[in-house]
Amino acid sequence: MPRKFSEGRRHKFGKQRYRVTNWSEYNEALRRRGDLTVWFDADAADLWAAPRRKTRGGQSRYSDLAIEICLCLRVVFGLPLRQTQGLVRSLARLSGIVLAVPCFSTLSRRSAGLKLRPAARPRSGEPVHLVVDSTGLKLFGAAEWQAWKHGTSTKRKIWRKLHIGFDLISNEILCAELTTDRMGDPTALPALLDRYEGRVDRFLADGAYDGGATYELLAARYGDAVEVVIPPPKNAALSADAARNPTSRDRHINEIDTHGRMVWQQSTGYNQRSRGDAQIGRWKAVIGGKLRARRFENQKTEAGIGAKILNRMNGLGCPHFERIA
């Protein structure tokens, strides 16, 4: 059967055309993404050593900031841990700084449960429009090597599920959480929202988050005034008290039944959720679709560093579009 069997009966939409209005600034921002001084600041040498601990136990030699800088360089340039150690060592030598560089085994050990610096918060302190989406990240292991060498695989490939929430206006990733592939999106939502302490007045997500538990969770955290835009399924049923006290989900169902799903998408602004797919595509293109770390705790740190890197690149400069057709 052809891929587009009903092509002749489909409603055609004209292709929208845009142009970038700040090419010079955006080109410079793309160049700065590869600038080593963006990711390695000589002033960080003052905070390279770990502070003296006042409790029992061994004294750490390197601070969490030092480990985070090394791991950021690893993710940005796609290096193994040994090459990361060599890169940081060469940067310190070229900068004329006498700096002890963590070895690859120290980076691997300290990566588990590493406490990253707090993410950037909206400057104005106003409530944000939070868009939540998830995707799968593959783990590179024995199955991939066997498939490449022999053309077969004897074990099931392992995936991790990345959940992100970003501000619709500033495009900054406000929270990120890594879970196993068996955890559903609504189940992982509480832990994801725990990573953002700000206020939310509008929440957008796809149909995977639909359900009473999601609406109750958002109302408990951000109040009843939060606007939740989640498309209900075709067979969605109204609540028992929908006639006298309709919920936000009941109003979505009634509007879709009355005016159609396309009108509902335009009236609620659900079409803006497609920027979540663009954010996922940006992650896969810049950070990659695989996780290098082997242990789960290290993988969670790697995901958190990936979010910080995308935010840093976003702060260097983004393209501005205007519609021309």
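Remind me, relative contact order of the chain in percent, using alpha carbon pairs under 8 angstrom and six or more residues apart? Walk me through the intermediate numbers first.
Values: 391 pairs, mean separation 77.7, N = 325.
Once divided by the residue count of the chain, the mean separation gives 24 percent.
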Problem - Note, ³J(HN,Hα) from phi for region 16-32, Karplus 6.51, -1.76, 1.60, rounded to Hz, x at Gly and Pro - result: 7, 10, 10, 9, 7, 9, 10, 4, 5, 5, 5, 4, 5, 5, 5, 5, 5
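Taking the Cα centre of region 128-295 as the origin, how large is its charge dipole in debye, to the nearest 20, when only Lys and Arg (+1) and Asp and Glu (-1) carry charge on their Cβ atoms? Please list the in-between numbers first.
On the way: 25 positive and 20 negative charges, 259 e Å.
The calculated dipole for region 128-295 is roughly 1240 debye.
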Fill in the blank from the handout: Residue by residue through region 93-107, the couplings from Karplus 6.51 cos²θ - 1.76 cosθ + 1.60 with θ = phi - 60°, in Hz, x for Gly and Pro, are 5, 5, 7, x, 10, 7, 9, 7, 9, x, 6, 5, 5, 5, 4
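Compute for region 128-295: radius of gyration divided by Kirkwood radius, i.e. Rg/Rh, restricted to C-alpha atoms, rounded to two decimals. Can you show the working numbers first?
Working: Rg = 18.6 Å, Rh = 17.7 Å.
Rg/Rh: 1.05.
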Handout entry: Separation in nanometres of the label points that stand 7 Å from Cα toward Cβ, at Arg295 and Thr258
Key = 5.7 nm
Problem - Among the listed pairs Lys234/Lys284; Lys161/Lys308; Lys115/Lys161, those beyond 27 Å (Cα-Cα) - result: Lys234/Lys284
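Regarding the chain, what's the average projected area of the Cα-atom convex hull, expressed in nm²? Could the numbers behind the result be given before it?
On the way: hull surface 96.6 nm².
Quarter of the Cα hull surface area: 24.1 nm².
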Practice task
Determine the calculated [θ] at 222 nm for the chain from helices alone, applying -39500 (n - 2.57) to every DSSP H run no shorter than 4 residues and normalising by the residue count; nearest 500 deg cm²/dmol.
Solution key: -12500 deg cm²/dmol
Fill in the blank from the handout: Summing +1 per Lys or Arg and -1 per Asp or Glu among the other residues with Cβ less than 10 Å from Ala208's Cβ gives -4
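No value in this document is a laboratory result; all are computed from the given coordinates. Please read all numbers here as calculations on a predicted model, not as lab measurements. Note that we place each Cβ from the backbone using ideal geometry, even for glycine, and neighbour counts take in every protein chain shown.
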